[in-house]
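To keep things clear, I will list the structure first and then write my remarks on it.
The values are calculated or read from the model by the stated rules, or taken from the named source; none is laboratory data. Since the model is a prediction, treat every value here as computed from it, not as a measurement. Cβ: placed from backbone, ideal geometry, glycine included. Neighbour counts: every protein chain shown.
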Protein chains: 4
Amino acid sequence: MKVGFIGLGRMGEAMAANLLKAGHGVSVYNRSPAKADALVAAGAVRAASIAEACQSEAVLTMLADDTAVESVVLGDGAILESLPKGALHISHSTISVALSERLAKAHGEAGQAYVSAPVFGRPDVAAAGKLFIVAGGAPESVARCAPLFEAMGQRTFALSEKPEAANLVKISGNFLLACVIESLGEAMALVGKAGIDKSEYLDLLTSTLFGAPVYRTYGNLIANETFSPAGFAAPLGLKDVSLALAAGEALRVPLPLASLLRDRFLSLLAQGGADLDWSAVGGLALRDSGQGKAG
Amino acid sequence: MKVGFIGLGRMGEAMAANLLKAGHGVSVYNRSPAKADALVAAGAVRAASIAEACQSEAVLTMLADDTAVESVVLGDGAILESLPKGALHISHSTISVALSERLAKAHGEAGQAYVSAPVFGRPDVAAAGKLFIVAGGAPESVARCAPLFEAMGQRTFALSEKPEAANLVKISGNFLLACVIESLGEAMALVGKAGIDKSEYLDLLTSTLFGAPVYRTYGNLIANETFSPAGFAAPLGLKDVSLALAAGEALRVPLPLASLLRDRFLSLLAQGGADLDWSAVGGLALRDSGQGKAG
Amino acid sequence: MKVGFIGLGRMGEAMAANLLKAGHGVSVYNRSPAKADALVAAGAVRAASIAEACQSEAVLTMLADDTAVESVVLGDGAILESLPKGALHISHSTISVALSERLAKAHGEAGQAYVSAPVFGRPDVAAAGKLFIVAGGAPESVARCAPLFEAMGQRTFALSEKPEAANLVKISGNFLLACVIESLGEAMALVGKAGIDKSEYLDLLTSTLFGAPVYRTYGNLIANETFSPAGFAAPLGLKDVSLALAAGEALRVPLPLASLLRDRFLSLLAQGGADLDWSAVGGLALRDSGQGKAG
Amino acid sequence: MKVGFIGLGRMGEAMAANLLKAGHGVSVYNRSPAKADALVAAGAVRAASIAEACQSEAVLTMLADDTAVESVVLGDGAILESLPKGALHISHSTISVALSERLAKAHGEAGQAYVSAPVFGRPDVAAAGKLFIVAGGAPESVARCAPLFEAMGQRTFALSEKPEAANLVKISGNFLLACVIESLGEAMALVGKAGIDKSEYLDLLTSTLFGAPVYRTYGNLIANETFSPAGFAAPLGLKDVSLALAAGEALRVPLPLASLLRDRFLSLLAQGGADLDWSAVGGLALRDSGQGKAG
């Protein structure tokens, strides 16, 4: 399939590389062109503009946030203006429910197809082609994505014909991850202050009831207070929790855990944590109890 | 080994039955004697009193709460007065850190050995002999428990020489479970109000990042709002969260998630939920968002 | 002074009436023209458009929210395009810090003066000319407002040369009021469930430590659960708490009480409380404790 | 009237002095006898024991907490054993609802009268004889207290025939004060980080909607971060918030603000704040936002 790929951060680059490997024709575009070099060396075509990347059956986007997506999709000379009628925009970014609704409406009016397809998985998972993909959109559009999704992910979940539902699921998933971080932070502050070894404690947890990898991954980061370098930076954590709260506000759903997490992230950022991994919010419970490296 | 077993609720009965099956000599005692009938039929000796059950190498207790344990251990004619010097008290109950400290001191002064050994696992897990046992106490005392623990559990974690550390670990584990319940309740309130099927959503979660059985177990209960009959009743949930808060207060460890959960449990109980499963706190987020059977 | 007044809700109408009484020439505009009738009968000039109301030394606006202000100030044919160079826009609305910053910038570039002057006081206070006015802006611009402020208020506080600082102060004041509501709701749930008469309790509070009128006003509403008709409707309360949270997010200031209040307002609105007074959030503590008319 | 007074801390000493001034015969007792010296010099009789102080028509107690009251009332040779039948115990201490219930029962069984009469007011208010007294007990017993209350306070509120109701009211009042502290801390963190002068801001608040002295008192302490010396120490604040939570737990009343405050107090104490005034919890919002002397 002939596709364009816009947004070559660590996630996007890995995803585009897997499309290439699977034999798709990929033209790549990134605002800082140097990020495309490795992919071009691997066989991708360098697009000089968003418009050029849109001369495809489908254009995939993997961008940082709402602002970036608005600019790349709705700006002058951007995707909405450039994508041929009938072609497909697959948006992988973690964006707000509200923006996804706007994109769905705009693409619909322009005669373009739109699938919202946020992913679960960190860059190493993306590189391995093992992402979980949550797809929202018209069934025939989602069906057209299948060969691409197969190249990038291990499984696709098509939950709803509404594209924005996929965004909500992604947002809620990140909210649940943040809950794991906060709860582990509090539990470790409690047992740690009683003199129990935090790593042995974590081993007990993950060997018994909490066998999911997320407990091991985040538990280790918190037990060792290893919050740098960031796999997923704290400001992105704040962004996602805020997206959950915004969705909740629009739907009239109070989310007290998300409120608590938002305050934690703000506290972390106010105190110099902007470059840390988002699991550093789990370290705040240690600090508040007079423990921790920063205690 | 010749042991006494006091406290034959659903957990205690299953544990005593496994001791019998493993060939240990078990004399059983319960305040309501009828609860001992099945075990006696299976080969246990009926003890007429706590004191009689204490004529053993070790006495095991599995009781509801601090009040019951205080009465059975520290009351007139109770374990402390009845257990021979050098014999062992193994306390499996989920009790407070403070009471466990008192028991350790009292048994030590009486020349008795004391191991605190709370367990993770519901009655069906106990019946299968697959409990996880967290043991705290002097290493030589914990070692003496090995043939008993092997009969009742699949693995023992000996984290600390302080008996009360085992209680803290157990309490913190139940706190983490309650966090899973609350976070799933909020996430389902959010996606449910957007029209996403909650069971499909849960399937996605547990197939991807949240593969631990606790997510599936509690997620199903919340998705279907099946809070009755109670596997673990709401008042016990409140008890355990309160134990976490009490331990945190003594150690000067703020636990904002536990505070939130305590308020949730009180709200549930104030509104008639005393007979429901503790996962019903996950239904409060549905109610607060104007959804749910009680919405 | 010759002024225009845009936005004739209950607050705006009372404020414009006081300007008239003080001898100022007032041309009035409202989207629904009928709201201007009484003022015109009292001597005001009916402006046919925003632009017409802007043919003045100063234009005052008193509008519902950011959306209304954006439209009336920044829209086609709106204040920014219509107000003469050197003339003054006095914005009394409770709007976001971010929008107030945008207005300051836009007016500055257009050579117009801008004073942000939100007010404290309900409609009866406005009618009595007893508002408290918080003014932010260049000192010479604020000075020009003096004869107008004297007609409408009992005292002006000029806290900062930055217009948006006045908005932040107003927002924080409403946040503090909401805290009073929530704390009274919880205290009354507690003493009420113990059988203490809530009105006698309130009398004790306001006769001793909590003598401020806000405690009496909101305390009575909560004690009697008289949440209708709304003096200040619940959705406006949510708006103001959300403005506080948005300002806190921009400044990296966690506000856990505001987070808690936001969830309370969402819960209230999700359960049919959109037409109630914002003090109805104080009734949620009653409900959660199994009391209250809706208990 | 001939009375005994037990507990001569700063509050108790000032209250006993006012009884003396009003002409009552006062025998005084304190665990550390030196604290009685000034009162003895002013005409009080030094009691050598609790029993001696009980040889009176009434014995008044003003003690630190539940533990002290339990010991002085229910211990060996303590008030319950020493007070004549028909004599009166007036308890001014801020104690738990549960303990007050136990005292009422015990005194009733001993044929003694019991009035629970906690007070509002700091030591300077006590010295001026201007306390507010909340009295709970049988009307005839409360009536007997009148000449004493007149000497110590400016007004008595008799809310309930149940002594423990007075304790609940006192506890709830301190909870409301703590809410004022927390809300001012958050509001000042917000406006302070925007560059607004906190003292000018406080002046605005107290000149407009928040005219109660508690806003001025605590607002000044927070604005200036003057948390030492302690007028009311942080551990006492934690004690009172915990009493509110305990009462709420017994009554099944969730109190989310009290939960939040409890966590704040624990955080303060965990980080070395045990000697600070309880208003220091208002400084935590400053710290969490990266401001404050400790920021």
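Some points to look at:
- Listed by position, the helices (runs of 4 or more DSSP H) enclosed by the range C:189-295 that each have at least 3 residues that are closer than 27 Å to B:Leu261 by Cβ and within 14 Å of chain A (Cβ to nearest Cβ) are C:234-251, C:256-270, C:281-288.
- Residue in the range A:98-107 that is part of a loop (DSSP other than H, G, I, E, B) and not assigned by TED's automatic domain parsing to the domain that holds A:Phe232 present: no
- Scanning the range C:175-206 for residues that are among the hydrophobic types (A, V, I, L, M, F, W, C) and either closer than 17 Å to D:Ala135 by Cα or surrounded by fewer than 24 Cβ atoms within 10 Å (Cβ to Cβ) (or both) yields a count of 9.
- Test: residue in the range C:165-176 that is out of contact with any strand residue (DSSP E or B) (no Cβ under 9 Å at 6 or more places or on another chain), free of Cβ contacts under 8 Å to residues at least 60 places away in the same chain and within 9 Å of chain D (Cβ to nearest Cβ): yes
- Restricting the range D:153-163 to residues that are in contact with a Gly (Cβ under 9 Å, 6 or more places away or on another chain) and within 8 Å of chain C (Cβ to nearest Cβ) leaves a set whose member that is nearest to D:Glu249 (Cα to Cα) is D:Lys162.
- Where C:Gly282 falls short, out of the listed (1) crowded, with 24+ Cβ neighbours inside 10 Å; (2) farther than 25 Å from C:Gly192 by Cβ: (2)
- Within the range A:33-49, the set of residues being of a type in the set (A, V, I, L, M, F, W, C) and out of contact with any Ser or Thr (no Cβ under 6 Å at 6 or more places or on another chain) comprises A:Ala34, A:Ala36, A:Ala38, A:Leu39, A:Val40, A:Ala41, A:Ala42, A:Ala44, A:Ala48.
- Single residue of A:Leu243, A:Leu209 found to be out of contact with any Asp or Glu (no Cβ under 6 Å at 6 or more places or on another chain), surrounded by 23 or more Cβ atoms within 10 Å (Cβ to Cβ) and over 28 Å from A:Gly290 (Cα atoms): A:Leu243
- Residue in the range B:142-149 that is assigned to a strand (DSSP E or B) and either in the same structural domain as B:Leu19 (by TED's automatic domain parsing) or free of Cβ contacts under 8 Å to residues at least 24 places away in the same chain (or both) present: no
- Residues in the range B:16-51 that are surrounded by 20 or more Cβ atoms within 10 Å (Cβ to Cβ), β-branched (Val, Ile, Thr) and part of a strand (DSSP E or B): 2 in all.
- When D:Lys293 is tested against the conditions (1) free of Cβ contacts under 8 Å to residues at least 40 places away in the same chain; (2) more than 21 Å from the chain's Cα centre (by Cα), the lone failure is (1).
- Residues located in the range D:113-126, provided they are assigned to a helix (DSSP H, G or I) and surrounded by fewer than 23 Cβ atoms within 10 Å (Cβ to Cβ): D:Pro123, D:Asp124, D:Val125
- Taking the range C:69-97 as the range and being surrounded by fewer than 17 Cβ atoms within 10 Å (Cβ to Cβ) and not in a loop (DSSP other than H, G, I, E, B) as the test, the residues that pass are C:Glu70, C:Ser71, C:Leu74, C:Glu81.
- Of the residues making up the range C:98-112, those that are buried (at least 23 other Cβ atoms within 10 Å of the Cβ) and not polar (S, T, N, Q) are C:Leu103, C:His107.
- Taking the range D:3-15 as the range and being over 21 Å from D:Pro84 (Cα atoms) and either over 16 Å from the mean Cα position of the chain (by Cα) or in a helix (DSSP H, G or I) (or both) as the test, the residues that pass are D:Arg10, D:Met11, D:Gly12, D:Glu13, D:Ala14, D:Met15.
Results for (1) in contact with a strand residue (DSSP E or B) (Cβ under 8 Å, 6 or more places away or on another chain); (2) among the β-branched types (Val, Ile, Thr); (3) on the phi > 0 side of the Ramachandran plot, shown as yes or no for each residue.
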position: C:Glu249; (1), (2), (3): no, no, no
position: C:Leu266; (1), (2), (3): no, no, no
position: C:Gly273; (1), (2), (3): no, no, no
position: C:Leu276; (1), (2), (3): yes, no, no
position: C:Gly283; (1), (2), (3): no, no, no
position: C:Gly290; (1), (2), (3): no, no, yes
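- Considering each residue of the range C:68-88 in turn, none proves to be under 28 Å from D:Ser207 (Cα atoms) and among the polar types (S, T, N, Q).
- For the range A:205-221, the count of residues that are free of Cβ contacts under 8 Å to residues at least 12 places away in the same chain and within 24 Å of C:Arg252 (Cα to Cα) is zero.
- C:Arg252 in contact with a helix residue (DSSP H, G or I) (Cβ under 8 Å, 6 or more places away or on another chain) and within 23 Å of D:Ser207 (Cβ to Cβ): no
- Candidate set from the range C:52-68 (those that are β-branched (Val, Ile, Thr) and crowded, with 17+ Cβ neighbours inside 10 Å); member that is nearest to the chain's Cα centre (by Cα): C:Thr61
- Tally of residues being in contact with an Asp or Glu (Cβ under 8 Å, 6 or more places away or on another chain) and over 22 Å from D:Ala104 (Cα atoms) across the range D:115-167: 0
- Filter pass, C:Leu159 being at pLDDT below 95 and in contact with a strand residue (DSSP E or B) (Cβ under 9 Å, 6 or more places away or on another chain): yes
- Residues of the range B:181-235 satisfying the condition of being under 24 Å from A:Gly211 (Cβ atoms), among the hydrophobic types (A, V, I, L, M, F, W, C) and in contact with a strand residue (DSSP E or B) (Cβ under 8 Å, 6 or more places away or on another chain): B:Leu204, B:Leu209, B:Leu221, B:Phe232
- Any chance A:Gly272 is surrounded by fewer than 24 Cβ atoms within 10 Å (Cβ to Cβ) and farther than 22 Å from C:Leu255 by Cα: no
- Flag for D:Ala135 being more than 14 Å from D:Val73 (Cβ to Cβ), among the aliphatic types (A, V, I, L, M) and touching a Ser or Thr at 6+ places or on another chain (Cβ under 7 Å): yes
- Taking the range B:131-169 as the range and being of a type in the set (D, E, K, R) and either under 21 Å from A:Met188 (Cα atoms) or out of contact with any helix residue (DSSP H, G or I) (no Cβ under 9 Å at 6 or more places or on another chain) (or both) as the test, the residues that pass are B:Glu140, B:Arg144, B:Glu150, B:Glu161, B:Lys162, B:Glu164.
- Boolean, A:Ser183 is within 7 Å of chain B (Cβ to nearest Cβ) and either touching a Leu at 6+ places or on another chain (Cβ under 9 Å) or farther than 26 Å from A:Gln291 by Cα (or both): yes
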